[in-house]
Structure formats: structure tokens, C-alpha cells
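Asks: Could you have a look at this structure, given as C-alpha cells, before my questions?
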Amino acid sequence: MLIQLEPILEATEMPSERRPTNITQPESLRRVVIRVRGHLGPTLLEAFPALTADREGEDTLLSGPLPDQAALYGVLYQIEALGLQLLEVRCPRRPRARRQIT
């Protein structure tokens, strides 16, 4: 029995119908703020290249835009895999424009 395989794509190639379209659109990115216990050093912070880190008291705040819920789960998985203690996850809503009543 002969099985015909399709050629393997290069790591940077992706068929156009499977290319994610929402990643580059700023309005589709959702800002997240994640609090973990302790101060993270440079080596641990390399695990979160899409997020910025700020110290707040004894904790570290990781924040930044993520394209979708799967990306958030990926960050949460990385936190667990590194043995970090997750304290809080927030997805702050964008402020709505208020309409003036005249």
C-alpha cells in the first residue's frame, strides 16, 4: 500500500487560509494583568516575552496584550510549569466612551 504525503511546510510558512488574522489587529488584543508571588529574576521573565513585568510589594505583575484565550491559557500553563504561585488574573475592560445627554 502506497501512502502519498504532502510536502512539509517550512516553519515560517502557513497556508493563507490557516493564517491567524486577529493577532495583528490591535482592537482584538485583550490586556491582561497577572499577579504572581515573589520577585521574578531575568531568567524566569524570559518565559513571558509578550508581557512586561513590574514589582508591586512582594509580588510581580505581568501585564500586556494577548491575542486570545488560548494565549492566556498558555501563560497560565507556563506559570504552573515554573512552580510560580498565581495570585490574581485580571482582564481590565476598556473604558466606554460616555454619551453626553443634552
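Here, each number is a calculation from the coordinates, and none is a lab measurement. None of these values were measured; they are calculated from a predicted model.
Asks: What residues qualify as long-range amide H neighbours of LEU66, i.e. H under 5 Å apart, gap of 5 or more or another chain, H built at 1.01 Å from N?
Replies: Distant-sequence amide H within range of LEU66: ARG30, ARG31, VAL32.
Asks: Then there is this: Ordered by residue, what ³J(HN,Hα) values in Hz, to whole numbers, does segment 68-74 give under the Karplus form 6.51 cos²θ - 1.76 cosθ + 1.60, where θ = phi - 60° and Gly and Pro are x?
Replies: Result, rounded to whole Hz: 6, 5, 4, 5, 4, 4, x.
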